[in-house]
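Data first, discussion second: the structure below is written as structure tokens.
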Amino acid sequence: MRPEGLGARTTLYFALSLAQGRGSIPSPLTRLELRYPANLGIGTSGLGFATCETEQLEAIGPGSCPAEAVMGRGEAVVSVPIGPRTISETTRLTLFAGPEREQHLGLLFFAAGSTPVVARLVYPGALLPAPAPYGGNVSIELSPINVIPEGPEVSIMAIRGTIGPSGITYYRNVGGRVVPYQPQGIVVPSSCPRGGFPFSARLTFEDGRVATVGTAVPCPPRHRK
């Protein structure tokens, strides 16, 4: 998050590195949870104005989804050991608003890469509540990826992306004309907790390990309209 000031609108930026050392490959990730501060206005951001359907996204790809369903973009570096070699590639990520999940905003994460590591995958997620000092949790469920049957699974080495209007274009009808526009963005709270706005990531791995990392974004000045 790089807000211009308190009460302003912004885009969330996140970046995680999962590798433990040079050449090491972590256990495959099964769940990723990104927790964000209380009173952060994702629900009033104008993002996810439309909904993408899971089946269409899996079968056809992002072209089947309304532009107004896009909520963010990013990329992930993935690796898999095949024989004596380790094959890595960078996959493109797109975050869509998806069908509601248990009365919470549903999310769909679309990963597009090339063979042999990742071709086209859809991961379900949801915007969930989170305990204090957080206000919400972007939760992503990750299923195993096998390059070859009975072979080793793909591991995520690093992931980064955005949730917000940066790089996103929506469209609306104005007087019979289709006009492009950018969503307003995520509203930064009008007050900042001592120590800054808290963020954390909770990562669950296939081998049972759970890792949590956290940071705080310094308090910006009050936004001047």
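Any read-out appearing in this document is the output of simple, stated calculations on the displayed coordinates, not a laboratory observation. If you're wondering where the values come from, they're calculated on a predicted model, not measured in any experiment. In this analysis, Cβ positions are derived from the backbone assuming ideal geometry, glycine residues included, and neighbour counts consider all displayed protein chains.
Once C-alpha pairs closer than 8 Å and six or more residues apart are averaged by separation and normalised to the residue number of the chain, the relative contact order reads 32 percent.
Exposure proxy for 177, 92: other Cβ atoms within 10 Å of each Cβ, ordered fewest to most, give 177, 92.
Using C-alpha positions alone, give me the convex hull volume of segment 68-144 per residue in cubic angstrom. It would help to have the intermediate numbers written out before the result.
Working: hull volume 9.3 nm³, N = 77.
Convex hull of Cα atoms, per residue: 121 Å³.
Could you compute the net charge surrounding residue 52? Neighbours are other residues with a C-beta less than 12 Å from the C-beta of residue 52; K and R count +1, D and E count -1. Local charge sum for residue 52: -4. Beta bridges assigned by DSSP with both partners in the chain are antiparallel in approximately 100 percent of cases.
Among 47, 203, which comes first, second and so on when ranked by fewest other beta-carbon atoms within 10 Å?
Working: 47 25, 203 22.
Fewest-to-most ranking of 47, 203: 203, 47.
For segment 91-103, putting each phi into the Karplus relation 6.51 cos²θ - 1.76 cosθ + 1.60 with θ = phi - 60° gives couplings of 10, 7, 10, 10, 9, 10, 6, x, x, 4, 10, 6, 6 Hz, in residue order, rounded to whole numbers and with x for Gly and Pro. Here the dipole of segment 22-117 is about 500 debye; that uses its Cα centre as origin and unit charges on the Cβ of Lys and Arg (positive) and Asp and Glu (negative).
Net charge of the neighbourhood of residue 214, taken over other residues with C-beta under 15 Å away and scored Lys/Arg +1, Asp/Glu -1, is +1.
Neighbour counts of C-beta atoms inside 10 Å place 123, 181, 134 in the sequence 181, 123, 134, starting with the fewest. When percent of Cα pairs over 32 Å apart is calculated directly from the model, which label among (i) 22; (ii) 37; (iii) 18 fits? Label of the calculated value: (i).
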